[in-house]
Amino acid sequence: MAEQNFQTLGEFIIDKQEDFQYSTGELSRLLSAIRLASKVVNREVNKAGIANIIGKAGNENIQGEEQQKLDVLANEIFIEALSQREVVCGIASEENDDFIEIHASCNAHLSKYVVLIDPLDGSSNIDVNVSVGTIFSIYRRVTEPGTPVALEDFLQKGINQIAAGYVVYGSSTMIVYTTGNGVNGFTLDPSLGTYYLSHPSMKFPENGKIYSINEGNYSKFPQGVKNYIKYCQLEEGDRPYTSRYIGSLVSDFHRNMIKGGIYIYPSTAQSPHGKLRLLYECNPMAFLAEQAGGKCTDGYRRILEIEPTELHQRVPFFCGSRKMVEKAEEFMQQQK
Ligand code: AHG
Ligand code: MN
Ligand code: MN
């Protein structure tokens with residue numbers, strides 16, 4: 001039998017608390033709340049087919065996207081877990097028009113952290129039993145603790161993130177996160193309900209052979225992206241590369257980080273800013289990617305340095321193995 005690593009996520013969080021000077025344990029409690037909420041969502045995702053939670057919820061989110069029942073449920077579960085435990089002073093979610101201020105008690109009000117979340121990523125895959133995920137991002141508030149949170153607490157550059165991570169509800173459920181000291185992955189043992197450290201120090205291979213992009217939109221892509229795709233397909237050296245696209249950013253990213261690859265969601269003629277959301281999707285993934293030795297840009301600029309101007313802002317996204325992203329950037333630059 002293969003050797004098992006017996007360090008649990010709970011133990012790991014406490015061990016790592018010492019990495020932060022003057023730590024009060026607040027971030028540890030926050031990460032523990034996310035860990036718990038992810039197990040609840042995992043339970044729901046696992047029984048989706050028999051629990052009448054598949055399908056549309058019948059309303060749209062702020063971005064005009066149809067909400068699925070599981071989008072709504074996962075959103076409620078994370079917001080409940082975070083607000084009840086009084087570990088954050090504010091939450092912004094892809095599924096809510098505006099940020100939520102938490103003032104259930106003075107404790108939450110005094111908390112120094114805000115969370116931004118994509119509670120259910122890859123919604124179109126729910127109904128067909130394909131992996132979905134959750135993406136989260138944590139910042140220290142910039143306004144004074146004890147005062148109401150404000151928009152500026154959420155509109156921070158990605159480089160200010162204190163922690164970020166994702167949960168992938170896949171053939172096994174994993175939580176992968178960083179607090180700025182590398183990236184570690186934990187796999188849920190469903191029989192015990194415990195996450196164990198299974199993927200210590202995750203690293204993007206420097207180069208890879210997988211490209212992930214929705215090629216159905218090819219005709220609407222910028223010329224630089226079209227040329228890069230042709231480059232990936234050319235028979236030369238280690239090419240052609242393999243095309244793999246799940247349609248859940250979390251799952252595509254996770255595979256590319258393990259195997260080496262690039263994920264692209266570019267601007268299109270109709271959506272000049274692409275589809276993915278800077279605050280809920282791109283920044284946390286960019287923080288993880290850089291911590292794992294990868295690279296993340298909008299084709300020209302480092303994602304983590306983009307100054308956000310609105311909560312639901314979108315941005316083109318090129319992310320993955322460093323050499324692949326640099327090659328794609330070369331093609332973008334040639335067409336600028
Ligand atoms: P969400 O389900 O949170 O709206 O995100 C879906 C995102 C991302 O996960 C995925 O990679 C991409 O949208 C897929 O978009 P297309 O269907 O346009 O390829
Ligand atoms: Mn998403
Ligand atoms: Mn979502």
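The values are calculated or read from the model by the stated rules, or taken from the named source; none is laboratory data. None of the values given here were measured: they were computed from a predicted structure. Neighbour counts are summed over all protein chains in view; Cβ atoms, including those assigned to glycine, are modelled from backbone coordinates with ideal geometry. Ligands, DNA and RNA are stripped out before the accessible areas are found, and what is left, the full protein with its side chains, is counted by its heavy atoms. Shrake-Rupley method; radii C 1.70, N 1.55, O 1.52, S 1.80 Å.
For segment 186-228, the set of residues classified as of a type in the set (Ser, Thr, Tyr) and out of contact with any Phe, Trp or Tyr (no Cβ under 7 Å at 6 or more places or on another chain) consists of Ser191, Thr194, Ser201, Tyr218, Ser219, listed by residue number.
Quick check on my filter: what residues within segment 34-90 are in a helix (DSSP H, G or I), within 12 Å of ligand 3 (Cβ to nearest atom) and open to solvent by 70 Å² or more (accessible area, probe 1.4 Å)? Of everything in segment 34-90, nothing turns out to be in a helix (DSSP H, G or I), within 12 Å of ligand 3 (Cβ to nearest atom) and open to solvent by 70 Å² or more (accessible area, probe 1.4 Å). For segment 277-336, a residue qualifies if it is closer than 13 Å to Leu155 by Cα and of a type in the set (Val, Ile, Thr), and the qualifying residues are Ile306, Thr309.
Scanning segment 10-19 turns up at least one residue that is aliphatic (A, V, I, L, M), under 30 Å from Pro200 (Cα atoms) and either surrounded by 14 or more Cβ atoms within 10 Å (Cβ to Cβ) or free of Cβ contacts under 8 Å to residues at least 24 places away in the same chain (or both). Among the residues of segment 179-186, is there at least one that is in contact with a Pro (Cβ under 8 Å, 6 or more places away or on another chain), over 17 Å from Phe6 (Cα atoms), crowded, with 20+ Cβ neighbours inside 10 Å and assigned by TED's automatic domain parsing to the domain that holds Phe99? Checked against the condition, which is being in contact with a Pro (Cβ under 8 Å, 6 or more places away or on another chain), over 17 Å from Phe6 (Cα atoms), crowded, with 20+ Cβ neighbours inside 10 Å and assigned by TED's automatic domain parsing to the domain that holds Phe99, segment 179-186 yields no hits at all. Figure legend. Inter-residue proximity from segment 280-293: first residues without any contact (Cβ under 8 Å) to a residue 24 or more places away in the chain, second residues hydrophobic (A, V, I, L, M, F, W, C), beta-carbon distance below 8 Å, spacing 6+ or different chains. Indicated pairs: Glu290/Cys296; Glu290/Leu304.
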